[in-house]
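Please read the structure below before turning to the comments.
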Amino acid sequence: MKKLFVETYGCQMNVADSEVVASIMNDAGYELTDNAADADVIFVNTCSIRDNAERRVKNRIQEFKSLKKKNPELKVGILGCMAERLKETLLKDQEFVDIVAGPDAYRDLPSMLDKVKDGRRMANVVLSLEETYDDIVPVRLDKNGVSGFISIMRGCDNYCAYCVVPFTRGHERSRNPHTIVDEARDMVAKGYKEVTLLGQNVNSYSWNENGETVNFARLLKMVAAVSPLLRVRFSTSHPKDISDELIMTIASTPNICNSIHLPVQSGSTAVLQRMKRSYTREWYLNRIETIKKHIPGCGLSTDVIAGFCGETEEEHRETVSLMKEVGYDFAFMFMYSERPDTLAARKLVDDVPNEVKNRRLQEIIALQQESSLKSNKRDLGKVFTVLTEGRSKRSATRMSGRTDTNKVVVFESKDIKTGEYVDVRITDCTAATLIGEIV
Ligand code: SAM
Ligand code: SF4
């Protein structure tokens, strides 16, 4: 078999897509290698979400250029969001790249490789209204064999003003629920204990065929029914689709994890309107209140953008006050980065100076650190069922795993194996980690 090296940047969707690519390439006679220098083909699955994500990829691929000098037979392909955004210009700018393939073109990769054998170079960036890769059994790329991803929908129709995703991943489409359940069954048979259902807007999942209608709450229940020992998570939800039905489904199904990632982006209704987020501060806080009422102790995390177009100091303070009010366990926080062709790039002015964006970002990062520490301190003395993921990176005598609420727990253990459920009492913590002992 020929050798394929895949490097993945960006979100979990990209990891899931690389697993689909590995499967398609496997069928075409390629096996994976961990060593780029060994490969016949290198694919880089890329991210466009912020300018620095693209810059990182552009720097890294220069290393593949030198590999190509040593081995002229080597083929290099750029896949994913950057491929879709930059299209043929990537071939012009990076003369050592042979293939450019957008997120809906992965079935075409083997035939593209065939065609570029003679030195031609090719791009396929056609976006599809139907492609969900639902018949492809992904080659799992995770290292622990305990937790894996299932992509349940693709694309996004929300067109948030700052976001490039609808342009790089095309229209929203949901995958046949029966193929999703089959994939979950296959994972359980292979020993997996946790599955994360993935989509850019995962809770707007909706499938209708021959009179059968499945929404996201129903799909979660179907996947949870595969095995009581399978933990079910999902990412990323849009606040507009966190329905009462969905909250009640999480509350009433023991193996659907009590953990919700609900990106708020800003605590100011005026900024949310400029962002085209389709909800207000009050509406978001009402959803959080409903979650807290029906799922006590639910893990809550979010995404926040600092310094969006026109953000005033007062609007920034509203984000700070919302974060305080919710008390998130965890947050991904970013400085606003203007992306070409988005509504914000066309219609708004990126007018918050970089040093102000950065100061606001540092402020919310510091606040989140405090909030995470507070949340972890509340867990001292409690007992959690932890799903172990492997040895702790910092200490060979400790195991590391996660609570149902998605917190990382480390504890001393000699004989517990990866993939076991263990009850652990929390004795100490940092802002990032709970430390405990087996009960
Ligand atoms: N679909 C998800 C949602 O609606 O929340 C997340 C999609 S995106 C891959 C992940 C996060 O990147 C977003 O939630 C947002 O906070 C951030 N992001 C997206 N575009 C950005 C931009 N232009 N500048 C800074 N951060 C951005
Ligand atoms: Fe981007 Fe908004 Fe779609 Fe999320 S919902 S992927 S932020 S456009």
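How would you classify the stretch 295-422 from its alpha-carbon gyration tensor, with a ≥ b ≥ c the square roots of the eigenvalues: rounded for a/c under 1.5, else prolate if a/b is greater than b/c, otherwise oblate? Don't skip to the end; give the middle numbers.
Numbers: a/c = 2.99, a/b = 2.27, b/c = 1.31.
It is prolate, given that a/c is not under 1.5 and a/b is the larger ratio.
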About the Cα centre, charge dipole magnitude for the chain (Lys/Arg +1, Asp/Glu -1 at Cβ), debye: 800
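Given the DSSP H assignment, sum -39500 (n - 2.57) over each helix run of at least 4 residues in the chain and divide by its residue total; what's the result at 222 nm in deg cm²/dmol, nearest 500? Intermediate results must be reported in sequence, preceding the final value.
On the way: 14 runs with 155 residues, N = 439.
It comes out at -10500 deg cm²/dmol, rounded to the nearest 500.
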Contact order relative to length of the chain, as percent, for alpha carbon pairs under 8 angstrom and 6 or more apart: 10
Principal axis dimensions, the chain - Cα atoms, whole angstrom, descending: 64, 56, 53
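Under the definition of Cα pairs under 8 Å and six or more residues apart, what whole-number percent is the relative contact order of the stretch 275-424? Please list the in-between numbers first.
Values: 184 pairs, mean separation 29.4, N = 150.
It comes to 20 percent, rounded to a whole number.
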Fluctuation leader among 377, 221, 393 - the chain, Gaussian network, Cα springs under 10 angstrom: 393
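How would you rank 333, 248, going from fewest to most other Cβ atoms within 10 Å of each one's own Cβ?
On the way: 333 19, 248 14.
Listing 333, 248 from fewest to most nearby Cβ atoms yields 248, 333.
Just check the stretch 109-177 against the gyration tensor rule for me: Cα atoms, a ≥ b ≥ c as the square roots of the eigenvalues, rounded for a/c under 1.5, and otherwise prolate or oblate depending on whether a/b exceeds b/c.
Details: a/c = 1.93, a/b = 1.14, b/c = 1.69.
Oblate.
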For the stretch 131-281: relative contact order, % (alpha-carbon pairs under 8 angstrom, 6 or more apart): 21
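Counting other beta carbons within 10 Å of each residue's own, what order do 207, 283 fall into, fewest first?
With the fewest neighbours first, 207, 283 line up as 283, 207.
Quote the convex hull volume per residue of the stretch 55-124, based on C-alpha atoms, as a whole number of Å³.
Numbers: hull volume 5.3 nm³, N = 70.
Given the Cα convex hull of the stretch 55-124, per-residue volume reads 76 Å³.
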The stretch 43-194: translational diffusion in µm²/s, Stokes-Einstein, Kirkwood Rh over Cα pairs, 37 °C, 0.692 mPa s: 192
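Which of 185, 50 has the fewest other C-beta atoms within 10 Å, and how do the rest follow up to the most? Kindly include the intermediate steps, with their values, before the conclusion.
On the way: 185 14, 50 19.
In order of increasing Cβ crowding within 10 Å: 185, 50.
Where a number appears in this text, it was derived from the coordinates with a stated rule and is not lab data. The structure displayed is predicted, hence computed values, not measured ones. Every residue, glycine as well, gets a Cβ built from its backbone with ideal geometry; the counts of neighbours run over all protein chains shown.
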